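Beneath this line is the structure, given in structure tokens, with notes to follow.
The values are calculated or read from the model by the stated rules, or taken from the named source; none is laboratory data. Source: prediction; values computed, not measured. Cβ sites come from the backbone with ideal geometry, for glycine too, and all protein chains shown count toward neighbours.
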Amino acid sequence: MSGPTALPDVGVTLATRDRFALLARALDAIWAQTYAGRLDVVVVIDGEVPDVLDLPDPVAPERQSLTVQVNQRTPGLCGARNTALDLVSADLLATCDDDDTWAPDRVRRQVAELEAHAEAVAVAGSIAIVHDGVRTVREAPLREVLLADLLADRIMELHPSAMLYRREALEKVEGWDETLPGGYAEDYDLLLRLARIGTLRLVPEVVADIEWNGGSYFFSRWRTIADALDELLRRTPEFAGVPRGRARIEGQIAFAHAALGERAEARRWMRRAWRDRRTEPRVLLTAAVLLRLTSAERLQAALHRRGRGI
């Protein structure tokens, strides 16, 4: 930022692994941003680097730049994002998954929101879930999100492809936690830590299209999901005072164990979820899998068609 009235520079991190055609599409949407300030994009490759990397160049090189870097930290998404955080010097950092795309006004609207709310540490917005060609808009349920809100509900509109963070806040909570099992739930874990030091904001406009077509690294990786969510409960003591939020995660763990065929463990987590919240819907979903009325994958796919998840 060159002067008191200039727009702040924005760093952008894109982590990718073997999905370079999708990455090119995501970059096209970034270069098409209406934001008039600087956009410095760091692509971090978490894996093998292809001999030829054909990526679209910035359309406004006087204020847009592209750097490609190999992951220098723990293999996985957390290490890749922290690699970008080490490289980016901007005061604001936006994230995007390599298979998602931004709305043209995303950065402009979110920067304005953060400038209007000095107490906020990050901002997201409404999102659109795209599954099998069907686009389902999920409107932001709140404008301001506190820790209590995040404990009660994951608030999926705070999606990593929709987030713009203050760099200072990311550094204060030490970025993405590279010790989470498999790196799963790294975005939720980060949000909970950020919400301890400030508020989160949501703009009402759709800021990103999120692809749900079974291509996620975590799609149906049930062991990783169960272990990571168990760890998340242990490291977030605030869940002890929010039975509804605790039951949600316990129900997710129960469902993952049912998908793995671990019936006794699934029933144990079902009982915990049911004690915390008698109406927790994931208890019924887990029971359906245990009774072999349907499969975990079929249920997950049906929810994804409606723009929802387990």
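The table below gives the values:
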| quantity | calculated |
| --- | --- |
| Candidate set from the stretch 37-61 (those that are among the small types (Gly, Ala, Ser) and touching an Asp or Glu at 6+ places or on another chain (Cβ under 9 Å)); member that is surrounded by the most Cβ atoms within 10 Å (Cβ to Cβ) | GLY37 |
| Pair list, Cβ < 8 Å and 6+ apart or interchain, from the stretch 46-60 residues that are in the same structural domain as ALA32 (by TED's automatic domain parsing) and closer than 18 Å to ALA84 by Cα to residues that are assigned to a loop (DSSP other than H, G, I, E, B) and among the polar types (S, T, N, Q) | ASP46/ASN71; GLY47/ASN71 |
| Residue list for the stretch 222-241, restricted to those being exposed (fewer than 15 other Cβ atoms within 10 Å of the Cβ) and closer than 22 Å to ALA266 by Cβ | ARG234 |
| Candidate set from the stretch 89-126 (those that are in contact with a Ser or Thr (Cβ under 7 Å, 6 or more places away or on another chain) and not in a strand (DSSP E or B)); member that is nearest to ALA208 (Cα to Cα) | ASP100 |
| Residues of the stretch 159-178 that turn out to be assigned to a loop (DSSP other than H, G, I, E, B) and touching a residue at least 24 places away in the same chain (Cβ under 8 Å), as a count | 7 |
| Selection within the stretch 283-297 - without any contact (Cβ under 8 Å) to a residue 60 or more places away in the chain and under 15 Å from LEU260 (Cβ atoms) | LEU285, THR286, VAL289, LEU290, ARG292, SER295 |
| Test: residue in the stretch 132-139 that is in contact (Cβ under 8 Å) with a residue 40 or more places away in the chain, in contact with a strand residue (DSSP E or B) (Cβ under 9 Å, 6 or more places away or on another chain) and buried (at least 21 other Cβ atoms within 10 Å of the Cβ) | no |
| Some residue of the stretch 32-41 being touching a residue at least 60 places away in the same chain (Cβ under 8 Å), touching a His at 6+ places or on another chain (Cβ under 7 Å) and in the same structural domain as GLY198 (by TED's automatic domain parsing) | no |
| Residues satisfying the stated conditions in the stretch 1-14, i.e. among the aliphatic types (A, V, I, L, M) and modelled with pLDDT under 95 | MET1, ALA6 |
